[in-house]
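Below is one structure, written out as structure tokens; comments come after it.
The values are calculated or read from the model by the stated rules, or taken from the named source; none is laboratory data. These numbers come from a predicted model, not from an experiment. Please note: Cβ atoms are built from the backbone with ideal geometry, for glycine as well, and neighbour counts cover all protein chains shown.
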Amino acid sequence: PNKHKKISKYTKPILVEPYKFIKNFEKLKSAVEQDSRIRLLTRYYERDEIASLMNVCDAYVSLHRSEGFGLTLAEAMILRKPVIATDYSGNTDFMNEKNSFPVPYTLIPLTRDYGPYKKGNVWANPNIREAAKRMRLLASEKEIALKKAMEGQRYVISNLNSGVVGKKIEERLEEIKTHLIYSSLK
């Protein structure tokens with residue numbers, strides 16, 4: 001059952017983990033309280049709750065600084081949701097201008113530790129103005145949004161299914177095996 005049916009298409013849920021290092025978190029909370037269309041979600045959600053939220057959203061936005069594979073991005077694309085995300089990290093393996101709305105970024109060095117991210121490493125700083133442009137485009141150009149969402153769904157289903165991924169793993173393992181055998185002969 002969908003626990004989030006009461007979220008209308010005019011409600012804008014924002015999911016934020018309130019880490020100590022989120023600058024101006026209280027300001028964000030205060031701003032959200034001024035607009036009844038926005039809900040600030042700050043707890044961890046179970047898998048089925050996340051799926052329910054994703055199913056009722058109009059678009060999926062991930063302005064991440066670093067991302068692993070980007071599983072939730074791919075899941076949103078499978079659900080034919082327009083996806084706006086930082087054009088950095090693992091998601092660039094399947095997201096592009098044809099099937100989603102990549103957001104440009106600049107790499108910035110970390111001057112201190114941020115949770116698991118250590119001083120001296122770099123992370124992406126997504127361009128917020130460019131992200132906002134993409135959000136406005138989604139709101140005003142429904143046809144473009146739908147076209148990209150449909151292409152995203154097609155791409156993920158065609159290229160990230162278990163058969164295709166299994167074949168890639170099999171090929172890579174064969175390459176490693178061949179390399180190990182060749183190396184042992186030297």
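Of the residues in the stretch 65-80, how many are in a loop (DSSP other than H, G, I, E, B) and surrounded by 21 or more Cβ atoms within 10 Å (Cβ to Cβ)?
From the stretch 65-80, those in a loop (DSSP other than H, G, I, E, B) are 65-70, 79-80; that's our starting set.
Subsequent filtering for residues that are surrounded by 21 or more Cβ atoms within 10 Å (Cβ to Cβ) retains 70.
The qualifying residues number 1.
Of all residues in the stretch 45-101, count the ones that are more than 13 Å from Leu160 (Cβ to Cβ) and touching a residue at least 60 places away in the same chain (Cβ under 8 Å).
11
Among the residues of the stretch 151-166, which ones are within 23 Å of Lys98 (Cβ to Cβ) and part of a helix (DSSP H, G or I)? Lay out the reasoning, then the answer.
Initial filter on the stretch 151-166 (within 23 Å of Lys98 (Cβ to Cβ)): 151-161, 163-165.
Correct list: Glu151, Gly152, Gln153, Arg154, Tyr155, Val156, Ile157, Ser158, Asn159, Gly163, Val164, Val165.
List every residue pair whose Cβ atoms lie under 6 Å apart, where the two residues are 6 or more positions apart in sequence or sit on different chains, the first residue falls within the stretch 152-180 and is at pLDDT 95 or above, and the second residue, located anywhere, is of a type in the set (Lys, Arg).
Every condition considered, the pairs that remain are Gln153/Arg80.
For the stretch 108-127, give me each residue that is surrounded by 10 or more Cβ atoms within 10 Å (Cβ to Cβ) and either under 19 Å from the mean Cα position of the chain (by Cα) or part of a strand (DSSP E or B) (or both).
Once the filter is applied, which keeps residues that are surrounded by 10 or more Cβ atoms within 10 Å (Cβ to Cβ) and either under 19 Å from the mean Cα position of the chain (by Cα) or part of a strand (DSSP E or B) (or both), the stretch 108-127 yields Ile108, Tyr114, Tyr117, Val122, Trp123, Ala124, Asn125, Pro126, Asn127.
Name every residue in the stretch 18-58 that is β-branched (Val, Ile, Thr) and either at pLDDT 80 or above or more than 30 Å from Thr111 (Cα to Cα) (or both), in order of residue number.
Hits for the stretch 18-58 are Val32, Ile38, Ile50, Val56.
Give the stretch 25-37 a look and list any residue that's surrounded by 14 or more Cβ atoms within 10 Å (Cβ to Cβ) and out of contact with any Pro (no Cβ under 6 Å at 6 or more places or on another chain), or say none.
The first filter runs over the stretch 25-37 and keeps only residues surrounded by 14 or more Cβ atoms within 10 Å (Cβ to Cβ), leaving 25, 28, 32.
Matches in the stretch 25-37: Leu28, Val32.
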